[in-house]
Structure formats: C-alpha cells, structure tokens
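The values are calculated or read from the model by the stated rules, or taken from the named source; none is laboratory data. A quick note: this is a predicted structure, and the numbers were derived from the prediction, not measured. Please note: Cβ atoms are built from the backbone with ideal geometry, for glycine as well, and neighbour counts cover all protein chains shown.
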Amino acid sequence: MLSPVKFDKVSHTKAASPRLSTLTHLPLLRNPLLNNIFNNPPRHHSTKFKAIVASLSELHAQCIVLVPPTETLIHSRDSISGKPYHELSYNEDFISSHIARPSPVANDPTPGRFTSATSPLSYTTLNGKTILVKGDRIFKLSGFRVDASRPSSLEDPVLVTHVDLFPNFAGYFPMGALFQVMHISEPLDGIPVNLKRVYVKQTISESTVTVKSPTSSLRKSTDISIESFETILRRYPLITKFVGKEYTSLFEKFTLKPPMPEDTEAMCVAQLEKKFLTTYNQACYIFNQKVPVSLLREVVREFPDPSNVDFNAVIHDYVETNMYDRIWAALLWIDGKAQVELDGSQTDGLCLPEIYESLASLTLNQVGLPSGFTTTEINSISKHVRLAIETFRGLSWANSSDLKRKVLLKTFHILTTIPALGVKDRKLVIDADTLVSILHLVVVHSRVPHLPVHITYLRQFSYKAAPNTAVYSFSGFPDDLNSAGMFSYVLSTVEAVVYHLLTDSEHLLLLQQCSARNRELWNLIESQDQQALAVYMEREIPAVSAVPFSEHALWSRDVELGDSCLMKAVQANAGFFRAFFDHTETLFMLEDLLADENHEGTTLVVAALRSECTENVDLMVQTLFASDLTSAELSLYFNRHDQYNRHVGHYLFHDYQLLESFPEIGDLLDWEDKDINGSTALVAIFRSYDHHHYLRMIESALHSCLHWYSSQGKVFDYSKHVDDRGNTLVHIVQDDLSGILRILRESNALGIDLNQKNHKSLTPLMIYAKYNRAANIGTLLKDDRISIKESNRDHWNIFDYIVKTPEIEMPITARWFETNVPKVHSRQIGVLNGRYDTTNNEWKLLTKGAIHEKAHTTMWYSKYNQESTFRLLMDLFRREFVCGLVMSPDEVLQNFPVKGGGPSANGNVMPLLFKKIRVDRLIDQLNKWFVFISFNELLMEHELLWEFVILPDFPDMRESLEARIDEKVANGIDIYKDRVFLVQEINAVEVFLTCSCLELSKQAKFFERLYRVATFSFLKHRDLLASESELIPESLVGVPFVLTQLQDTLDGVNKRDLCSPQCQLKEYMLLFKQLVEELAGKMHVSLKRINEWWAVHRLITANNKELLRLEGLMKPEIALSVSPREEEEEDADDNATVFTTLSSESALMPGSLMPQETAHGFDETAPLSDTPTSVQVETHLSKVASTASALLFFVKIESKHDKYKRLLVTRSTLTTTIMALNKRIAFDQASFGTELRNLKAMREGVMRFAMTQFAQESVRVQKCRLGGLRESLEKLRG
C-alpha cells in the first residue's frame, strides 16, 4: 500500500511544515500536470485554478493541453527558477502556459475547418502567451522565458511526440468530455536541466580553416586546413572593398598571345607560366598594398596558429580559379601543336587514346605482378585497382591544381593500403615496382584524356610551397602523403608510366598481345560456341606451359567487374559451362573455385544461381560436396557475404529446387543472417512475388529454415526474420498465409504476432488491404487473435487502406460487423469510416446497414452521411418518441465541434494532428449509440432508421419527415381522448413516476461512478505499463541482456493492447448514464403535467360546488326569502371561496416533483429534485394571487345569473383542459411503462453485448500476451 502524499491545501505542493493542513487523495495520475488538472479535489481549488477549470469546461473541444514527458516533470528542475518541475506542475501560471486555445484573429475564420500539414495555427495560452503549431512542431512566439545558451524557438522548436484524447473522470468538468492532449518533448515554460538533449551554442569553428575549390565556394573544414580567399572575402567584406576592383581589372587584362611558329612546346609552356606568375605576383602586391595591417591581424587572430597562415597560397588559388579556363585551353592548344609535329616525324608511334583502346582488355595478371600473392590477395588487389581507376578518372573534371593533386594522392593512397587477408590492421606490402605495374593498369583503364597535359599543369602551375609543409595536406591521408616531397614522387611516377607507354614499343606490343588474347577468350565465352571452345582448348592447353601460368588468358579477370573466365562461363548455358569446366578441370584447383569472386563479392555458386541455370548450379554444388571439404568449410563458403551482405541463401529464389535436390544446404546456411536491408534469406525468398512457383518455393524454404533451427537445438524465432522497415514474414508473404501459419504452428514457432506493426505502423491486415491480397485477408480474419481496430501513427485504420473491390471490402466489413455490431432481428447498422470532403469542408461518415435474410443472404446498404445528418436522425427520434429512450445529440456528440457553431468565429479550427483521431472517436461514439438503438425494440426496425440508411436524400426530407412524425404523435395521443382519471388513479400514476424517477436517479449515479472508476482504472493501467518499462531495466543492471529483451517483449504486448478492453467498456457506462438521465428528465415533465391536473381538478371541484350552491339560491322560493344583508354576506362568502379555491392550486401533492421553469416552459433536462424550490412556489403563488384579485373585482359587480353563466363556461373550459391532460398523462403513462420495460431489455442486451466484447477482446489480448511470454521464456532458457 502506497503511503499518502501530503499536499498543501491551496497550491497542492508538498507540505513544508506538519502544522499545515494536509490532504490525502490517492490514487494519483503519474504525470503531475495531468494529475493536478484532472484529479484535483474541488474544495482545494484556488481562484486562478477555478478560472482554468471554467475555460477548459467551456472550450474543452477547442483547447489543447500541452503535456511534457512524465519523466521530465518528475526528475528535472527548471534551471531559471531552480524549482523541480513536479512542484511547478501545481503552479497555476505553469498550468496556464500549457493550455492553449485558438487565437481569435490570426487563424482562418472558416468554422469547423481542418488544417493541412503546412498550415500553421496560432494559439494563445490561458495566461496570454503565444505559440505557433505547424505539423508536429511548436514554436514559442512571445511571453516565454528564453535562454541565451539555447537556439531560438524558430531554430529548435518543441516537438510533438504524439496526440491523444484524455477522458475526463473529474466531477468539475463536463461528464464524458474528451480533452485534446499534445504530448511534447519538453516543457514550454522554464529550462529543464536534465533533458537528454544538450544545447550547445553554435559558433564558427576556430580549429580549422578551409580552402576555396572551383566546384564549391566553401569546402568542408575537414578537407583542407587552409582558408579559401573567397571565404575570407565573404567573412570580411572590407577586403573586397580594398582589392575587388583591382583584381577584376587584373583578371580582365590577362590575355594570351599566339606563340611564334619557331617556339617549341617547352618555350610555349614557359611563356604561359611566366604570364601566370606575373599576374599572381601583381595580385599579391595589390593585397599587401591595399589591405590594412589591422584588418589582416583581425583575420589572423581567428586561426589557432597564426604562424601557419599563408595568404600567398589562398591568393594563388584565387588567381588560378579565375584564370583556369584560359590556361587550360592554351595548354591543350600547345599539346595539339606538339602532337602534329610528333606525328609528322614519327609516323609509326601511337597516341595515348589509341594505346587505351589497344589495351582495353588487359588484366592484372599480365602487368608483371609478383608471383608471391595468393588468389585471395589477387582478388583484394583487383578490387582496389578498380577503386583506384574510378578515383583516377576524376582528373578529367578536376579544374584546379588543388583538385588534381588530391586525385593523385588519393589514388596512391588506395593502391598502397590494400588489407592483408585474415590479419587485422595489416596491409599488403606494395613495393615501388609493384606499384608501377599496377599503375599501368590504372592509367590504361581510366582513359583520362590529355593526361600529359594534366601532368604539365601540375608541374608548372601548382603553388610552390616550402618542402615538407602541409599546404596541400588532406584529411584521411597519412602524414607521409601530405608532404610536398611525396607529391613530387607521385607525380613523377605517373609521368614515368605515361612516358613508358608512349616510348617503350616492345613492352607495349607484349601488353597488346595479352589484351588481344583476353578479348578472344571473353568473346568466345560470350558466344557460348562449344565447337569453337573445343578448338581453342586444343590449341591453348598445350601452350599453357610455354608462358607463366598466371599470365595466361584463362587466368584473366575483367578489370571493371572482376569476373574471371570461370565466372563468365558459369553464367553461360549448361552445355557450354560443362564443356568449359571439363576442359579446365586439371587447371583450376579446389582452392581456386573457393576463392573465385568478383568485385561485388559474388562467388561462383551465387553467380550460377543468378544466371538461373539449374544445371550449372547443380554442377558447382556437386563439385563442392564431392570434395573433401568439411561441413564447417562448406558452411563458411555458402555464408560468404557479397557487397550487399548477402550469402547463397539470399539468392535461392533463383533456384529454390536446390533445397530439394541438396537438403543439406539448408543446414549449412545461416538463416538469421541479414543483408544491408535487414532481410534474412527467408525474408528475401518471401519477397520474390513474381516467381512462377511462389507457393512451393516459400514452403520449401520455410521447411529448410525450420530444419536448420531444429539442427541447432532452437525453436524458430519469428522475431529474427524482420527487415529494417519492421516488416515480418506475415507482412511480406503474398499468398498461402494459411499454409505458412499452419507450418509455423506445427513447429511451435516463437513470437508470431499477427497484429505487429512495421515502422510505418501498418499491420499485416493493412498491408493486405492496401495491396489487394484477398486470400491472406480471409486467412487472417479467421484467426481470433487478429484485431481490425488497429490504427497507424496517423490514426489511419484498416478501412482507410481498403481497395474498393468486393473480395477485399466485404470480408473485412463482415468481420467488423460480427465483432462490433449486434445482430438484432436479423439487422445490423454501424459506421465504418470517414472521409474529408474538401469541397464542403466537412467530414462524411460511411454508414452501412445489413439485413440478413434466409438462405444465408445479406442485403447491404451503404451511404456517406454528414455529421449533421446523424443529428437530424436523433432529433427526429426524439420528436417521435417524446417519452422514449433516445439520447440528446448534444450528449452523444459533445466532443465533436459542430460546423458553423462554437463559442468564437474560429474556435473550431483543428490542428491536423487531431483531425483523424477526433473523427475516429466520433465514429466510435456513433457506433455505441447504434448499439443502444439495436436493442431498442421500438427503434431497430423503425422505418425512420432505415430511411436514414438507404435514402440518399434523407437530409432534404426534414420538413416532410417532421410533419409525418407530428401527425403520428398526435394520432397516438388521440387514442386516449376518452380516458378519464379518477383521483386514486392519478395518485397511482404520480407515485409510479416519482418512484421511477428516484430509481433512475440511482441508476444514473451508479453508472456515473462506474464510468469514473473505469476511466481512472484505464488511465492508471497506462501509467503502470509506462512505469514498468522504465523501472525494470534500471533494476537489471549487471543482469544478462536477455532479461532486458524480455522486458522489451512484454512492453510491446502490454502497451499496444492491454488497455483496449477497459477503454471500450467505460464508454457504455457513460451512455447508460446519459440515457437514464434523459428518461428521468422526461418523467419530470410528465410529473409537471400531473401537478397541473391536480390544480385543474381542484378548480373543477370548487366550480361544481359553486354551481350547486347557485342553483339552490336561484330557485324562486329560496330567492324571495333572502334579505339584502344576507345577499351581501353570501357575495362575500363567494369571493372568499373563489380565493381559497384558486390559492389551493399552489398546494403541491406530497411527493410530487416540479421541474425548473424557463422562458419557454419547463426544462426537461433539469436535475432531479425531491421537493420544489422556494422560487418555484413563490412564482406560482404570485400568479394565482393575481388571478384571484381579478376575479374578485368581477365577482363584486356581476349578478348571480351572470355568475352562473360564467361558472358554466369555466366548467366547460376546465373540463376541456383536464380531458387534454388526461389524454396526455394516459399517453405518458403507457409510453413510460413501455419504455421502462424496454429499458430493462435494452440494459440486459447492451450489457451482455458489451461484456461479450470485453471478454473477447481480453481473451485475444491475453493470447497475444501469452505468445510474447512464451517467446521470452524460450530466450531465457536459451
């Protein structure tokens, strides 16, 4: 038992002194802010808090309560005031800052409209602060305290984590009201100090400076450690003022004159370099002369080491950037002129593009690579060569010496850092000769045009820095690559390779022959000509011994893709690959087969699978199984990852029969291994929707997977086969879900949750409805664990994803009706979903009715109705059944804003986040109202109800329907036109109605208490689940991780489902309370009529008495014997009698009840009261007294004959009045008797249905929970 918490009587803060009066009111809501607003005893409300309650009560459908995280309120404090947030939550100003209502001016005044995701809404808090709600972000505009160390609200808004409708259980708010609650990431008021997010004031980094590149105005600071000149100009505009015009003029004057015919290439390049250096020196001179020293010092102060700031370098880059195009064009012209001269003197030589073409098929094994490398190391080198080629091609679009320099350095870095096999952090040793050999391959296959010109540009136009400085150092490179000397070596090596290709004709011829032989063999494999292959093998196999075996074309490997000849052959047809494999059987060893993979990491078996040639796959697998490889070695090969982190199992959909032909493969695969998309092999196979034999394939794969689990001593873990988007096997499977579930059940699989949501909050049922998988929908709907009430994070449910086809829509609709709508007299009616009509700016709700006929046939009727149409139906029912069990639409729809109504012009503007959740709540409320209608014998088969369901023009028939109903009601009352009540009978009716009112009042109070308890229990259950997920992991410090997994599993089941049954049940309690109060109010009105009957009855009695007396006085014999004095006395007695008679109207019968009077009569919804109020009595007596005074005046002046006539007229009038009352009271008596019997039947039917729903939903939830517990238990055992 929790100990009581002591609260101060006024502020509800913890008591500081034992002398203060204390209050204990447990249990409490876990969130302090929600607890103080909704669980605050009224006797302790301060004046400010009463104002908050009044505002929320009046605008509960428009106000938003902004609720910070519970953990923040409990464990954090405000850094400004120093107070804990759990104390601030009881501060009225803090509460007012977290309750917002629409601003009266800023928003669009269209009533009832819903905003789009891009429409910001202005809200004002109850204490006058302003916020802006845009989508899932809240911007604090004015009135809130700010912290200079944090970004502004516009830069860092408060996030909305989720929205909810908070049910009220407090007596000081309207019963049944739902309050819009936005759960936000942090409090709006104050600065919490214990939030996980740490705010750092963003400043310009002082640790690095950047250099200008031609492709970007500002390079990342992590690339180069020197500032670009353009960046300096932007940061210090005064420098532009000093040097801008001079630099512009300098660059415009940079012109190049055509060289003289006798000038050599070297002379032309020297002249160009001289012109560039002259311009550069002039730029430096302008900078030194024009820019003040004080400004330069201010610039230098930003760098951590001012001594390393080289303005010459940044100016060089700036000048080069502005003149690059002209310099490069001149170099190309010079190179073209030199090539013409060269071609004229050396006609037998080849230019570089022709060399590229002649060596296009050259491979790594033919450039003189040392023989000490293994096949696996050759593969690793080949992959890095491919990456180096891609990098080296960057020279083609590098438009500055800085970028060209970076390309060369990065290429060398790739080629010299090749990892060694099986040794962590060890690189292969690449000596200078090997590097040159590999670089030949890189240069040839990169095909960089004008490569000698690039080399010339780098030699002549790069910034001449001091040796071994870091002027052009690049992050990510070792220090030895960042020096000027190292770059000179790199450039010389590339220049040597180019020179060797252009001048060494003998070696070039050998390389060209190797390339030609490679192309011949590759073309042969592509042609798949077995005859030509036989001829080729007869010629080449004997010749293999004539050359080093590793240099032969059979060992060649495509540089671009990394495919070996065997890799190319395994993707050919079965006959060709069999012939190729037989011819090379003695050449390729088993180790070569195992190590063979291309640049993507594709092995020979995977390549055979991807070619979808079953014979080739079988041949490779047979070869492997026929070898002396152990199971561990085979498993290692089959589970080898490619670049997509996939192994053989991920490609089995290409040849699923492999699992049937070689069942042992299934036991060698790792079925829980995931690729880069988070998909296991089983998930990949399940996703192969276009396979011709999809059903057989997935069953075969599932059996193999289950057998692997069994061989490992495990139980199939369903949760292991979830991709990175949260899709489970049930989400993914396209067809035959029934067979899959049957297999999984037989294997006692763990963790199967048919309602599990993916990362988009979609259940499998939503996926099937969205993608039209009708067969799977039928299977799911047969499972009693399935829930069709689930919704995603945007509150979209299954009906929002239904494809409008009968095979999809009808099964889901029928299942929904089966579980949510009672079938009474073979009829059902319910509301399924809503859609927003943008034209009329309102929601339309899909209403369906079903009439089940014989022979298992059902007539379905559906129609979209506006919210106003439902109100019309309720009003018409109330108009016809004046004493019936029909609730007021204001009660049923109290939480849905009425279009065009509301307390202010735009009070009904609703944020997008609440749009769907409120409509779903409206639909749920209407469905429960229809449940009450279904068990009302007078309403379920009423023609009005089915006209509402069927007729499309029902709203336009209002006047005719009202006239028809009025006539029907009048005819019903006229049945009792001859009914005459005796005093004893009217007493009995009054006692009957009085006792019924008292009994209904007790029932209303009972259902109200039940609703409050159920609501609070529902909220506390949610608090409990939230507490478990936070408290248990903290207590498991040092305990095995699997226990944390157990808690995560329980949290997933609990939070999603366990509160659902209670939430549904409590709504029925509220509607019952509203229903009996409605009936009691109508009985109050009938009791008023009985009071009127008693008053009229007394007048009639007195009138009849007076008539008898006058008749006796008016006889001649009696009239003559009366003296004048006696006549005056008799007149006085007559006046007293009339006054007494009229005054007696105000006497109330014992036990009678009178409703409160209004300007339009008696209020039928007035609360129950055992006795009339003093105001009622005084008002009634004053009316009677005024009437009596008027009568006395006329009595004194009229004669007995006139008085007799008047009394006769009065008797006729009173008789007509009491007969009308008799007729209406008799009608009320019969109606209330029927309705009370109907109420009993309705109560039994609705409660039976509600409890059945509660029990079924609880059983379903517990079954899901049982699955989660079983999964956790197996994990613990494992």
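Among the residues of segment 575-592, those that are crowded, with 16+ Cβ neighbours inside 10 Å and either at pLDDT 90 or above or among the charged types (D, E, K, R) (or both) comprise Phe576, Phe577, Arg578, Ala579, Phe580, Phe581.
One residue alone among Leu604, Leu629 is farther than 23 Å from Ile676 by Cα and surrounded by 15 or more Cβ atoms within 10 Å (Cβ to Cβ), and that residue is Leu629.
Does Lys789 satisfy being out of contact with any Lys or Arg (no Cβ under 8 Å at 6 or more places or on another chain), surrounded by 13 or more Cβ atoms within 10 Å (Cβ to Cβ) and either within 20 Å of Val949 (Cβ to Cβ) or in contact (Cβ under 8 Å) with a residue 40 or more places away in the chain (or both)?
Answer is yes for this residue.
How many of the residues in segment 104-126 are part of a loop (DSSP other than H, G, I, E, B), modelled with pLDDT of 65 or more and crowded, with 18+ Cβ neighbours inside 10 Å? Full working, then the answer.
In the first step, residues of segment 104-126 are kept if they are part of a loop (DSSP other than H, G, I, E, B); the result is 104-113, 115-120, 126.
Pick out the ones that are also modelled with pLDDT of 65 or more and you get 104, 119-120, 126.
Filter once more, so that each one left must be crowded, with 18+ Cβ neighbours inside 10 Å: 126.
Number satisfying all stated conditions: 1.
For segment 381-397, filtering for residues that are of a type in the set (Gly, Ala, Ser), buried (at least 17 other Cβ atoms within 10 Å of the Cβ) and more than 44 Å from the chain's Cα centre (by Cα) leaves 1.
Being modelled with pLDDT under 85 and either part of a strand (DSSP E or B) or of a type in the set (Val, Ile, Thr) (or both) is the filter here; which residues of segment 142-161 pass it? Residues satisfying the conditions are Ser142, Val146.
When the residues of segment 986-1011 are filtered to those that are charged (D, E, K, R) and surrounded by fewer than 20 Cβ atoms within 10 Å (Cβ to Cβ), the one that is nearest to Met1069 (Cα to Cα) is Arg1009. For segment 35-55, taking the residues that are of a type in the set (Val, Ile, Thr) and in contact (Cβ under 8 Å) with a residue 24 or more places away in the chain, the one that is nearest to Ala100 (Cα to Cα) is identified as Ile52. Looking only at residues of segment 841-857 that are free of Cβ contacts under 8 Å to residues at least 24 places away in the same chain and exposed (fewer than 15 other Cβ atoms within 10 Å of the Cβ), we find that the one that is nearest to Phe1227 (Cα to Cα) is Lys854. Just one of the listed residues (Ser787, Ser868) is closer than 29 Å to Asp164 by Cα, in contact with a Leu (Cβ under 9 Å, 6 or more places away or on another chain) and either of a type outside the set (Ser, Thr, Tyr) or not in a strand (DSSP E or B) (or both), namely Ser787. Given the residues Asp675, Asp667, which is the only one that is under 42 Å from the mean Cα position of the chain (by Cα) and either outside any helix (DSSP H, G or I) or not charged (D, E, K, R) (or both)? Asp675 is the lone residue from the list that is under 42 Å from the mean Cα position of the chain (by Cα) and either outside any helix (DSSP H, G or I) or not charged (D, E, K, R) (or both).
Of the listed requirements (1) part of a loop (DSSP other than H, G, I, E, B); (2) loosely packed, with under 14 Cβ neighbours inside 10 Å, Gly562 misses just one: (2).
Filter segment 714-748 for residues that are surrounded by fewer than 17 Cβ atoms within 10 Å (Cβ to Cβ) and part of a loop (DSSP other than H, G, I, E, B) and give the result. Those that are surrounded by fewer than 17 Cβ atoms within 10 Å (Cβ to Cβ) and part of a loop (DSSP other than H, G, I, E, B): Lys714, Asp724, Arg725, Gly726, Asp735, Asn748.
Restricting segment 1236-1262 to residues that are within 28 Å of Cys997 (Cβ to Cβ) and of a type in the set (Gly, Ala, Ser) leaves a set whose member that is surrounded by the fewest Cβ atoms within 10 Å (Cβ to Cβ) is Ala1241.
Residue by residue through segment 354-364, note down the ones that are touching a Lys or Arg at 6+ places or on another chain (Cβ under 7 Å) and either among the β-branched types (Val, Ile, Thr) or buried (at least 22 other Cβ atoms within 10 Å of the Cβ) (or both).
Of all residues in segment 354-364, those touching a Lys or Arg at 6+ places or on another chain (Cβ under 7 Å) come to 356, 361, 363-364.
Listed by number, the residues that qualify are Ser361, Thr363, Leu364.
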